[in-house]
Amino acid sequence: MQIKKVGVVGCGLMGSGIAQVSASFGYDTVVREVSQELLQKGLESIRNSLEKFLQKGKVTEADRAATLNRLQGTTRLEDLAGCDLVIEAVTENLEVKKETYVRLDPLCDRETIFASNTSSLSITEMMMTTQRPDRFIGLHFFNPVPLMALVEVVSTLVTSDEVKRTAVQFAKSLGKTPVLASDRPGFIVNRLLVPYLLDAIRALEEGLGTLEDIDQGMKLGCGHPMGPFTLLDLVGLDTTYFIANIMFEEFKEKRFAPPPLLKRMVLAGRLGRKSGIGFYKY
């Protein structure tokens with residue numbers, strides 16, 4: 001199946017990035033938000049990102065203009081009806097996502113592929129709210145989408161081979177490297193990353209080293225681009241806490257259980273860069 005027109009549901013941090021990349025690589029792209037205010041905020045984020053690329057010489061003025069010309073914003077789900085692929089990037093809440101698909105399913109052609117950008121929720125549970133389980137897949141992009149090269153392509157037990165091939169080819173057409181994962185909590189990256197981040201917090205709780213020394217140890221000792229606490233602040237402590245709870249609920253293993261310090265920090269609103277303070281101040 002050839003993808004010509006892409007729909008993106010949600011124009012927040014992830015949705016705006018996905019819409020930008022889609023339009024940048026030649027796809028007519030429709031991005032939908034629930035209100036005009038949120039839509040304009042998301043579109044402005046795309047314009048600012050493209051302006052930075054222009055200033056750095058990564059795109060030309062013609063490239064920037066062409067990307068914006070291929071991009072359409074809307075507050076109507078109905079405007080996604082003509083899309084070949086619809087990528088959902090709404091808030092990481094299973095009920096909100098399921099409700100989105102219930103409304104979207106009858107609007108789109110039977111051949112339209114639905115993809116969720118979830119980082120941890122069950123693709124299968126979302127799939128079962130639609131009449132197209134074989135044409136449902138996960139496409140997990142990483143933040144910031146225009147810069148990060150990876151996409152996890154997450155298939156269920158009933159995702160068709162054609163849809164898998166189309167999703168892989170679509171990711172490659174965006175200049176991304178796709179990896180195939182099965183529909184299990186955390187997929188590949190978070191399944192391995194989250195226990196590491198939780199262990200770093202436990203090490204801090206137990207006095208193994210200071211915040212700075214643990215970060216330096218992993219940067220210089222393992223060649224990581226940043227230490228676990230810097231990464232936690234970047235990802236968002238609330239996001240890590242949310243994913244950890246989902247994984248613990250599935251596997252009931254201690255390594256997935258959020259440490260007490262993480263829970264207290266989230267409750268106190270110390271979420272990382274997004275709130276101005278997490279393990280570090282910003």
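The values are calculated or read from the model by the stated rules, or taken from the named source; none is laboratory data. Bear in mind the structure is a predicted one, so any value in this text is a computation, not a measurement. Using ideal geometry, Cβ is built from the backbone for each residue, glycine included, and neighbour counts are taken over all protein chains shown.
Numbers for the structure displayed
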quantity	calculated
Region 219-241 residues that are not assigned by TED's automatic domain parsing to the domain that holds Leu197 and of a type in the set (Gly, Ala, Ser), paired with ones that are part of a loop (DSSP other than H, G, I, E, B) and loosely packed, with under 14 Cβ neighbours inside 10 Å (beta carbon under 6 Å, 6 or more apart)	none
Within region 222-243, considering residues that are small (Gly, Ala, Ser) and over 16 Å from the mean Cα position of the chain (by Cα), the one farthest from Pro260 (Cα to Cα)	Gly223
Residue ID - nearest to Leu192 (Cα to Cα), chosen from residues in region 95-118 that are among the basic types (Lys, Arg) and not in a loop (DSSP other than H, G, I, E, B)	Lys97
Check on Glu92, under 26 Å from Ala167 (Cβ atoms), assigned to a loop (DSSP other than H, G, I, E, B), acidic (Asp, Glu) and out of contact with any helix residue (DSSP H, G or I) (no Cβ under 6 Å at 6 or more places or on another chain)	yes
Filter result (among the hydrophobic types (A, V, I, L, M, F, W, C) and either in the same structural domain as Ile243 (by TED's automatic domain parsing) or not in a strand (DSSP E or B) (or both)) within region 119-156	Leu121, Ile123, Met126, Met127, Met128, Phe142, Val145, Leu147, Met148, Ala149
Search result, residues across region 123-165 that are touching an Asp or Glu at 6+ places or on another chain (Cβ under 9 Å) and of a type in the set (Val, Ile, Thr)	Ile123, Thr124, Thr129, Thr130, Val154, Thr156, Val158, Thr159, Val163
Residue list for region 174-216, restricted to those being of a type in the set (Gly, Ala, Ser) and loosely packed, with under 14 Cβ neighbours inside 10 Å	Gly175, Ser182, Gly207
Options Asn69, Asn48; residue that is without any contact (Cβ under 8 Å) to a residue 12 or more places away in the chain and under 20 Å from the mean Cα position of the chain (by Cα)	Asn48
Selection count, region 72-100, where residues are within 17 Å of the chain's Cα centre (by Cα) and crowded, with 20+ Cβ neighbours inside 10 Å	8
Within region 188-221, considering residues that are of a type in the set (Val, Ile, Thr) and part of a helix (DSSP H, G or I), the one nearest to Phe256 (Cα to Cα)	Val194
